[in-house]
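All remarks here apply to the structure that follows.
The values are calculated or read from the model by the stated rules, or taken from the named source; none is laboratory data. Just so it is clear, the structure is predicted and the values come from calculations on it, not from any experiment. Positions of Cβ are backbone-derived with ideal geometry, glycine not excepted, and every protein chain shown enters the neighbour counts. SASA here: full protein model, heavy atoms, side chains in, ligands and nucleic acids out. Shrake-Rupley method; radii C 1.70, N 1.55, O 1.52, S 1.80 Å.
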Amino acid sequence: MRDLAEAAPALLLDWYDRHARDLPWRVPPAQALRGVRPDPYRVWLSEVMLQQTTVAAVRAYFAAFTTRWPTVQALAAAPDAEVMGEWAGLGYYARARNLLKCARVVSDDHGGVFPDTADGLRTLPGIGSYTAAAIAAIAFDRPAVVVDGNVERVMARLFDVHTPLPAAKPELTAKAAALTPAERPGCHAQAVMDLGATVCTPRSPACGICPLMAHCAGRAAGTAPDLPRKTQKQPKPVRVGLAYLARRSDGAWLLETRPDKGLLGGMLGWPGGDWAETPQAAPPPVEADWRDLPGEVRHTFTHFHLRLALRVADVGMDAQPVRGHFVPAAQFRPADLPTVMRKAFDMARGAF
DNA sequence: AAAGCGTGGTG
DNA sequence: TCACCAAGCTT
């Protein structure tokens, strides 16, 4: 496979020119070839949204964000609650908090202009090694080494690397670096990721239509579909919790903004107790005639399963909550809630 | 440096 | 139904 580093970049670029996906944050290869660059703001926004998230899930959020906040300055000026509400449902909410921090740094300290090198980008909140390299390559056509989950998988198969992730990361990064060309590095980066997303897929890869088939060591060895190897993950424990949903007589709902740190940080949620493997004491947020709802909300987070019991109550206009605040009905959008909280609302709403 | 951090689609 | 997976970052 000594010829791989020489042959692969041209094969990948040729494949990309014919098969590049049409994505709203992307400049088509024909235009890129003529020197047209995408808007760094849109590249940055899309890359942050795409962290651990599928293209299908990102599309609508990207459209909503760019319509509501067309520039980094506009986003920087937005109230926190509006941005967190717009991000609701996309997950990994630290991304939204860092998105705002980053927008404000770029707007306030960089004149609204993103740094044009990977090192410069890397210093910004929410931009790690992958995202810095991706923006540098895609927005500024710098020959940065872009390594995401797709690239790791493609490299592990191309070079038949059996070392399990995450230990294999340096080795796979070195392989990716060896393939990164000086010409059209932005298109190259997107080509490898597109290939991983559409051909060299995690399960049942379509080796028969792969432009690199003839050069792939994993294909030759028959190991490609089983790569990359990964170290086994811990099983998810079950945690239980309790949430209180109160509706005031004018239709307002009692919600609280969760603390910035930790799970669902900075998001709206129903008051309640801690979530743990054994039931925790959870005093009600307001004095009322609470009633238990039958059933429970089931939801799975990254590292545990949750079973959430619900208590509901109607309260008068004189209610004085010790936690949270009443959100007027006209202002309340269930879509502003993270998914587990929206599930709780959907289950409880019929009880009012 | 291992763990914490969401969600929806898929087989 | 359920484990696995997706354009990772932070601490």
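A few comments on the model shown:
- Test result for residue A:24, open to solvent by 20 Å² or more (accessible area, probe 1.4 Å) and more than 11 Å from DNA strand C (Cβ to nearest atom): no
- Identity of the residue in the range A:259-281, closer than 17 Å to residue A:90 by Cα and away from DNA strand C (no atom under 16 Å from the Cβ), that ends up surrounded by the most Cβ atoms within 10 Å (Cβ to Cβ): A:268
- Qualifying residue in the range A:179-195 (condition: open to solvent by 30 Å² or more (accessible area, probe 1.4 Å) and assigned to a helix (DSSP H, G or I)): no
- Helices (runs of 4 or more DSSP H) contained in the range A:80-172 and holding at least 1 residues in contact (Cβ under 8 Å) with a residue 24 or more places away in the chain and under 30 Å from residue A:34 (Cα atoms): A:94-109, A:118-122, A:129-140, A:149-158
- Subset of the range A:196-210 (residues that are surrounded by fewer than 21 Cβ atoms within 10 Å (Cβ to Cβ) and either outside any loop (DSSP other than H, G, I, E, B) or not hydrophobic (A, V, I, L, M, F, W, C) (or both)): A:197, A:198, A:201, A:202, A:203, A:204, A:207, A:208, A:209
- Subset of the range A:320-335 [farther than 13 Å from residue A:271 by Cβ and either free of Cβ contacts under 8 Å to residues at least 60 places away in the same chain or open to solvent by less than 30 Å² (accessible area, probe 1.4 Å) (or both)]: A:320, A:330, A:331, A:332, A:334
- Checklist (1) within 16 Å of DNA strand C (Cβ to nearest atom); (2) assigned to a helix (DSSP H, G or I); (3) surrounded by 13 or more Cβ atoms within 10 Å (Cβ to Cβ) applied to residue A:63, failing item: (3)
Quick grid of which residues meet (1) within 16 Å of DNA strand B (Cβ to nearest atom); (2) open to solvent by 60 Å² or more (accessible area, probe 1.4 Å); (3) under 21 Å from the mean Cα position of the chain (by Cα); (4) not aromatic (Phe, Trp, Tyr):
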| site | (1), (2), (3), (4) |
| --- | --- |
| A:101 | yes, yes, yes, yes |
| A:113 | no, yes, no, yes |
| A:121 | no, no, yes, yes |
| A:126 | yes, no, yes, yes |
| A:137 | no, no, yes, yes |
| A:143 | no, yes, no, yes |
| A:153 | yes, no, yes, yes |
| A:157 | no, no, no, yes |
| A:171 | yes, yes, no, yes |
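- All positions within the range A:275-296 that are hydrophobic (A, V, I, L, M, F, W, C) and in contact (Cβ under 8 Å) with a residue 12 or more places away in the chain: A:275, A:276, A:282, A:286, A:288, A:290, A:293
- The lone exception for residue A:307 - which of (1) within 20 Å of residue A:85 (Cα to Cα); (2) open to solvent by 80 Å² or more (accessible area, probe 1.4 Å); (3) within 26 Å of the chain's Cα centre (by Cα) it fails: (1)
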